[in-house]
Structure formats: C-alpha cells, structure tokens
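Contents: one structure, followed by commentary.
The values are calculated or read from the model by the stated rules, or taken from the named source; none is laboratory data. What you are looking at is a predicted structure, and each value in this text was computed from that prediction instead of being measured. Every residue, glycine among them, receives a Cβ derived from its backbone with ideal geometry; neighbour counts consider all protein chains shown.
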C-alpha cells in the first residue's frame, strides 16, 4: 500500500479518507461462542513452551495496534488476517520490522491461524485505548 498511497496527491488522500470514514461499521461479527476458546489464550498469553509470544504483546491488549509497525487486529476480517499470516509463514510477505511476524507465523499451525484470526474477527470494535495510539 505504501507505494500506492505515496503516489496519491494530498486531495486524493483526503478524498479517500473521507470516503472510508463515511462507511458504516459492519453490524455483525461472528458469534464469540462459535470461536475456539484456545484462540483467546493464544492471542492473550501465547504459547511460551514453543517460544510463541501473545499477539497482544505487540498489537496491544485490545488488539487495536501500536504505532505504524504493529497494526490493529480487531476490525479486520478473519480471511484477511489468515492470508497475511500464511504469507509471512511462506515468506511471500516480509515487510515487518526485524522479521518478527515471519518468526511468529512459522510457529503457527493451520488450526492456530484459523482459530486466532476467527477470534480477532469476532471481537467487538471499541474506542482505541491509549496503549494503541502511536
């Protein structure tokens, strides 16, 4: 996205921002009851026995992201998040600082990816916490 965004003029960026800001927030998310409970543990505590940190350690306790290098996870679709994790895992995506996500994704099974991305997609959107602001 960076090359595309950089090529836009100031007025084009403003027009895009206004367009997306005016879109309604999706009303429905997957029911939390349908999401694997182990995903919440993976997101909040990780799996240290395998050297796998929790998602919240970089992406904030509320999943709202921290700065430009640790984007929000809540508000994203499970398909999008899963595709990004798989891209890091296979090495087709490598734009993260210090290669952190490649190392994390390498530790995730397909079941882990499906579970944790479904869990984040099911989380309700809330106002960002102070922790999630850059």
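Listed values, structure above:
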item: Candidates 127, 60, filtered to the one that is touching a helix residue (DSSP H, G or I) at 6+ places or on another chain (Cβ under 6 Å) and at pLDDT below 95; result: 60
item: Considering residues of the stretch 73-87 that are closer than 12 Å to residue 108 by Cβ and in contact (Cβ under 8 Å) with a residue 24 or more places away in the chain only, the residue nearest to the chain's Cα centre (by Cα); result: 81
item: Among residues of the stretch 1-32, those that are assigned to a loop (DSSP other than H, G, I, E, B), at pLDDT 90 or above and either surrounded by 10 or more Cβ atoms within 10 Å (Cβ to Cβ) or within 21 Å of the chain's Cα centre (by Cα) (or both), counted; result: 1
item: Selection status of residue 93, part of a helix (DSSP H, G or I) and over 17 Å from residue 43 (Cβ atoms); result: no
